[in-house]
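First up is the structure itself, then whatever we jot down about it.
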Amino acid sequence: MFLFNHDAIEKGSEILVCESTFDCMSAVEKGYNNSVATFGANISVYQKDLLCSLQPKRLILAFHNDEAGN
């Protein structure tokens, strides 16, 4: 499992971590260019490592407030 849009992230910046590709694309459309999507409510070890390799200043988790996202 990979992260949608991770190639566009500026290293060392704030990263908005979204649950779905639609959420990520909406965030980018609104100007939050450092946004990625996890393709679900879980973050895998591989995704965590990918995020850490970007040396984020801060991670902002934006998951849906439903049973899967809690």
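The values are calculated or read from the model by the stated rules, or taken from the named source; none is laboratory data. What you see is a predicted model; the values in this text were computed from it and never measured. When we count neighbours, we look across all protein chains shown, and the Cβ atoms used for this are built from the backbone with ideal geometry, even at glycine. With ligands, DNA and RNA removed, areas are computed over all heavy atoms of the protein, side chains included. Shrake-Rupley method; radii C 1.70, N 1.55, O 1.52, S 1.80 Å.
Couple of notes before you dig in:
- All positions within segment 10-58 that are part of a loop (DSSP other than H, G, I, E, B), in contact with a helix residue (DSSP H, G or I) (Cβ under 9 Å, 6 or more places away or on another chain) and of a type in the set (A, V, I, L, M): Ile43, Leu54
- The one condition in (1) part of a helix (DSSP H, G or I); (2) at pLDDT 95 or above that Asp7 fails to fulfil: (2)
- Scanning segment 59-68 for residues that are assigned to a loop (DSSP other than H, G, I, E, B) and open to solvent by less than 100 Å² (accessible area, probe 1.4 Å) yields Phe63, His64, Asp66, Ala68.
- Inside segment 1-56, residues that are exposed (fewer than 15 other Cβ atoms within 10 Å of the Cβ) and touching a residue at least 40 places away in the same chain (Cβ under 8 Å) make up a count of 9.
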